[in-house]
Structure formats: C-alpha cells, structure tokens
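The values are calculated or read from the model by the stated rules, or taken from the named source; none is laboratory data. Here the structure is a predicted model, which is why all the values come from computation and not from measurement. A quick note on method: Cβ atoms are made from the backbone with ideal geometry, for glycine too, and the neighbour counts reach across all protein chains shown. Heads up: the accessible areas ignore ligands, DNA and RNA and are worked out on the full protein's heavy atoms, side chains in. Shrake-Rupley method; radii C 1.70, N 1.55, O 1.52, S 1.80 Å.
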Amino acid sequence: MHPENSVAGGALPHPSDGYTIPHTHGPEEVPHTHPDPGVDPHEPLTTGPRALRVGIGGPVGSGKTALVAALCRALGDELRLAVVTNDIYTTEDADFLLRNGVLPADRVRAVETGCCPHTAIRDDISANLDAVEDLEASLGPLDLVLVESGGDNLTATFSKGLIDQQIFVVDVAGGDKVPRKGGPGVTTADLLVINKTDLAPMVGADLSVMDHDAKARRGDLPTVFLSLVEDRNATPVADWIRTLVATRVPAA
Amino acid sequence: MSGMSLATLLVLADGRLPSGGHAHSGGLEAQVSAGRVRDLDAVADFLRGKLATSGLVSAAFAAAACAHPSEWAALDQGLDSRTPSPALRKASRAQGRALLRAARAMWTMPLTGRDLHQPVALGVVAAAAGLGPAAAAVAAAHGTTSGAASAAVRLLGLDPYAVHGLLARLAPECDRIAADAAARADDPVDDLPAAGAPLLDIGAELHATWEVRLFAS
Ligand SMILES: Nc1nc2c(ncn2[C@@H]2O[C@H](COP(=O)(O)OP(=O)(O)O)[C@@H](O)[C@H]2O)c(=O)[nH]1
Ligand SMILES: [Mg+2]
C-alpha cells in the first residue's frame, strides 16, 4: 500500500500514522471489523494511466450521438476508444452507434438512468463509473472513453468524479439565443460545440450573434461551430481531443 | 445499539447517498405498467407487501452481514438462492457494487467481492461504519420502501407529500421488521428469512425485456 497511490477519500490508516493493531474489544461492544492496514482494499487499477474521459452533454437532439459517431470515425483508427451512452428510456443511442458500424458492440455500453439523466452524470455517477471500469476491464487499456449524457436541459453538467473534460453541444436550430441564456453547460464546459450550422439560414439564426454571446459567457474557453452533415469527422472537435490526449499528464 | 452514531446511520440511509438507487423503482414500474398499481392506496399496499417480503429478507441479511462481515460470501450465496429472478439478482448486485464504491470513500472497508447483493453490502458497510445489526436492518427496511416511494412520485405523478405521509406511517413497521431481523443476526444462513414475492419476480423478468422503460429495474 503506497499512500500516494490511494484514491481520493480512500486513504487507509497506515502503521506509521500511529495506527495500532491488534486491540481488544469489550464483551458489550457491537462486533465490527478492522481492516488490515497492510492490505489495500481497492480493486487493482488497470496498468498504465487510465483512459482520458470526455463527457458529451447538451439538450436532447442537439447532435451528441451524431458527434460521438463522428469522433469514432475520426479517431477510431488512431486511439483505443470506447463509448458509454446514457439514454433516458432506451438503448437508442447505443443501438445507433452499432447500426452505423462506427464501433464494435464490445466497445459500447448503455447505462440506464431512471428518469434522471442529470443525476446519472452528476449526483450519483456510480452506474457510469461501473460502465467505464467494465469497458477497461474487458478491453484492456484504453486511450479515450466518451460518455454521452442522456440529454437534459441547459443545466446538466458532468461531475469531475466521472470525466476529465466535458463538451457541451447546442444547435442553431434552437435559435441564436441559446448561448446568451447561458447555464452551467454553456458557461463552464471545456469545449462548447454549436452544431447544425447548415440549418442557420433556414431558422434565421445569426452565427455571429451566437459567437459573440458565447465569448461573453465563456471568457477564454473555446467554442467551435460545426455541421455534422457537412463535416462527417467533426474535425475541430477531433483535433481538440487529439491535443488533450497528446498533452495529457497521466493520472497518478 | 449503544455507542452507535445516529448521524452515521442517517448518512448511510440517506436517499442522496450516491449508491445507484435512483435508477431503480424496486419493481414498481412493472406493476404500474401491468395496471396493478395506479394510485396512492395501491402504492401503500405495494410497499407493505414489499416490506413484509423482500424488506424482511433484506433486513435480515443486512443485520447478519453487519454482525458477521467476514461471512459475506456465504450470506451473498444465501441471498442469491432467495432471489429467483435473474433480473433482480442483477439489479441487487449493481446496487451493492455502487454502495461499496461509495463506502470505500467514506469508511475503511474490508476486502469483499466487488458486486455483492445490496443487503449484504449494506451490512458490511454498516459494520465498517461502526454501526450495529439493528441499525443495518433498519437502513435496509427503510431503503426497501423509500426507493420505490420516490419512483411512485415519478411514475404516477402522485403528490409527494401524500407519499411521504405513507412513508411516515410505514416507519413503525420498518422498525418492527428491523428488530426481528436483528434478533436473528446470528442464525445460520439457511435459517434466515426466505419470504418471496412471486409477482415481483415475474414483473422484474418482464420488465427486463421491455424496449422502453424509465427505470433499470
Ligand atoms: N441538419 C443537421 N442535422 C444534424 C446535425 N447533427 C445532428 N443532426 C441530426 O439531429 C438529430 C438529433 O441528433 P442526435 O445526435 O441523435 O442528438 P442527441 O439527442 O443530442 O444525441 C438527428 O436526426 C441527426 O441526424 C447537423 O449538423 N446538421
Ligand atoms: Mg443521443
């Protein structure tokens, strides 16, 4: 047991911390256990640094699954990657990825979220962590795990306990006011993707207004415009991820 | 229960503990869809039935695992044989795994299997938290009703105050079941309660085949 390797919150008492064993229990005491301080109770981590985890959030229909498919197309040959989807009711998103053949079935896991897609990515991330760990256990070391949220509203963001970086996807079809409305997704995501720019003329959305509002909301955080029907490989997003993977300082 | 920290029990039994419960309806979704549960009275009957069957078994195994945490494997097997539905076994193990994950960040946990049945995990966690079998049992009984009750609010659009009124009325029953369970915490595994609810088993199996559902179980 190396204390510096223990995960957050899971640090064990260590003999050098003044932990004393053995000790005796009085007869009235409720039976209880004491861990052997020499034994690490944590499951062994897969060897090497764990995969970079990128969360993809945003309202329903903004193009999250289409973006995941594009990233699989763009990065599937250069990175060892896997995907976790969080459908609200079904396994629709996972099925879409499989149908479109962008990723083999053993690289996609669907998490069920019990009516609360935001809970599953923020307040109680256990099922998503299980899915990520199961993927790493069955596939071996990975470079990148994409976690697609079930799609909620502008307030749903990922917990840092689940992901390293998050992308928030909105679309121009929802109107050019969305960046101005803000919310934690728009203001704090590590990358804001404004998708479906091909539809802008049809809905009368002014991209320069969206760009201006996004900059005002986000300060120095990056924003990219995208049309997944025109750029099937989501080039600016794939490049952003490539940079993250390349410059990543592996988790201890 | 002398020397037990009540606040620790509250932390463990809090519905906001990130231990996977929010995705499960405790079998209610299947019964709602079958038309057996439509209103508050039916939810009350459902919860009472659940408490008397799977609640009793859960409380007994939580108490026993708390009293004898090192026997988690035998208890886990005992609960497996009391859970005929594969879908319910899966749901119970998923929630046990999630609870153990949360507990590792909260207390110093002994080594166990990774995905224990939820009541066994709960007992082991309660022991690690310094709680006794009676506390573990009451947390198990309470969890049996509270998870399904919150699913009832979401599935049926019931008045949340009315549902909590129901939970308050069921509390003495939870205490009674937990006390019974704790009194048997030292019984051999084979002698622990084995009450079953066939409709819950059947419902869970059907539910697992649906294409569209709100809850994982
Ligand atoms: N016109 C247009 N449609 C898109 C674009 N990206 C996604 N879509 C479509 O938008 C719909 C919703 O996309 P999806 O990826 O399922 O959204 P999600 O709910 O966020 O996962 C689908 O019909 C996509 O084909 C785009 O850039 N332009
Ligand atoms: Mg989607």
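Out of B:Ser54, B:Ser58, B:Ser25, which single residue is in a loop (DSSP other than H, G, I, E, B) and within 12 Å of the chain's Cα centre (by Cα)? Walk me through how you get there before you give the answer.
Working: B:Ser54 fails: in a loop (DSSP other than H, G, I, E, B); B:Ser58 fails: in a loop (DSSP other than H, G, I, E, B).
Selected residue: B:Ser25, the only one of B:Ser54, B:Ser58, B:Ser25 that is in a loop (DSSP other than H, G, I, E, B) and within 12 Å of the chain's Cα centre (by Cα).
Matching residues to (1) in contact with an Asp or Glu (Cβ under 8 Å, 6 or more places away or on another chain); (2) within 10 Å of chain A (Cβ to nearest Cβ); (3) open to solvent by less than 70 Å² (accessible area, probe 1.4 Å); (4) under 18 Å from B:Ser92 (Cα atoms):
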site	(1), (2), (3), (4)
B:Leu111	no, yes, no, no
B:Leu167	no, no, yes, no
B:Ile202	no, no, no, yes
B:Phe215	yes, yes, yes, yes
Exercise. What pairs come up if the first residue lies in segment A:116-143 and is under 19 Å from A:Thr90 (Cα atoms) and open to solvent by 40 Å² or more (accessible area, probe 1.4 Å), the second is modelled with pLDDT under 95 and assigned to a helix (DSSP H, G or I), and their beta carbons are under 9 Å apart, counting only those six or more places apart or on different chains?
Worked result: A:Ala127/A:Ala120; A:Ala127/B:Ala23
Seminar exercise, completed: Given the conditions (1) within 16 Å of ligand 1 (Cβ to nearest atom); (2) open to solvent by 40 Å² or more (accessible area, probe 1.4 Å); (3) free of Cβ contacts under 8 Å to residues at least 40 places away in the same chain; (4) not charged (D, E, K, R), every one holds for A:Gly61 apart from (3)
Seminar exercise, completed: Sole miss for A:Ala66 among (1) in a helix (DSSP H, G or I); (2) open to solvent by less than 20 Å² (accessible area, probe 1.4 Å); (3) within 13 Å of ligand 2 (Cβ to nearest atom); (4) in contact with a Leu (Cβ under 8 Å, 6 or more places away or on another chain) is condition (2)
Problem set entry | Among (1) open to solvent by less than 50 Å² (accessible area, probe 1.4 Å); (2) within 17 Å of the chain's Cα centre (by Cα); (3) more than 21 Å from B:Ala194 (Cα to Cα), the one test that B:Ala64 misses | (3)
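Do the conditions hold for B:Leu122, that is, is it away from every other protein chain (no Cβ under 12 Å) and of a type in the set (A, V, I, L, M, F, W, C)?
Numbers: away from every other protein chain (no Cβ under 12 Å): yes; of a type in the set (A, V, I, L, M, F, W, C): yes.
When the stated conditions are applied, B:Leu122 passes them.
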Exercise. Somewhere in segment B:148-157, is a residue in contact (Cβ under 8 Å) with a residue 60 or more places away in the chain and under 17 Å from B:Val57 (Cα atoms)?
Worked result: yes
For this session: Kindly establish whether B:Gly132 is among the small types (Gly, Ala, Ser) and more than 10 Å from chain A (Cβ to nearest Cβ).
Result: no
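Criterion first (within 16 Å of ligand 2 (Cβ to nearest atom), more than 14 Å from chain B (Cβ to nearest Cβ) and either closer than 16 Å to A:Lys64 by Cβ or crowded, with 18+ Cβ neighbours inside 10 Å (or both)) does A:Leu226 satisfy it? Don't jump to the end; show me each part of the working.
Values: within 16 Å of ligand 2 (Cβ to nearest atom): yes; more than 14 Å from chain B (Cβ to nearest Cβ): yes; either closer than 16 Å to A:Lys64 by Cβ or crowded, with 18+ Cβ neighbours inside 10 Å (or both): yes.
The answer is yes for A:Leu226.
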Exercise. In segment B:174-217, which residues are modelled with pLDDT of 95 or more, of a type in the set (D, E, K, R) and farther than 11 Å from B:Ala59 by Cβ?
Worked result: B:Asp186, B:Asp187, B:Asp190, B:Asp191, B:Asp201, B:Glu205
For this session: Would you mind stating whether A:Thr33 is on the phi < 0 side of the Ramachandran plot, at pLDDT below 80 and of a type in the set (S, T, N, Q)?
Result: yes
Seminar exercise, completed: Sole miss for A:Gly150 among (1) away from ligand 1 (no atom under 16 Å from the Cβ); (2) within 14 Å of chain B (Cβ to nearest Cβ); (3) not aromatic (Phe, Trp, Tyr) is condition (1)
For this session: Tally the residues that are open to solvent by 20 Å² or more (accessible area, probe 1.4 Å), within 12 Å of chain B (Cβ to nearest Cβ) and touching a strand residue (DSSP E or B) at 6+ places or on another chain (Cβ under 8 Å), restricting the search to segment A:94-115.
Result: 1
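Quick grid of which residues meet (1) away from ligand 2 (no atom under 16 Å from the Cβ); (2) on the phi < 0 side of the Ramachandran plot:
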| residue | (1), (2) |
| --- | --- |
| A:Lys196 | no, no |
| A:Gly204 | yes, no |
| A:Met210 | yes, yes |
| A:Asp213 | yes, yes |
| A:Ala216 | yes, yes |
| A:Thr235 | yes, yes |
| A:Leu244 | yes, yes |
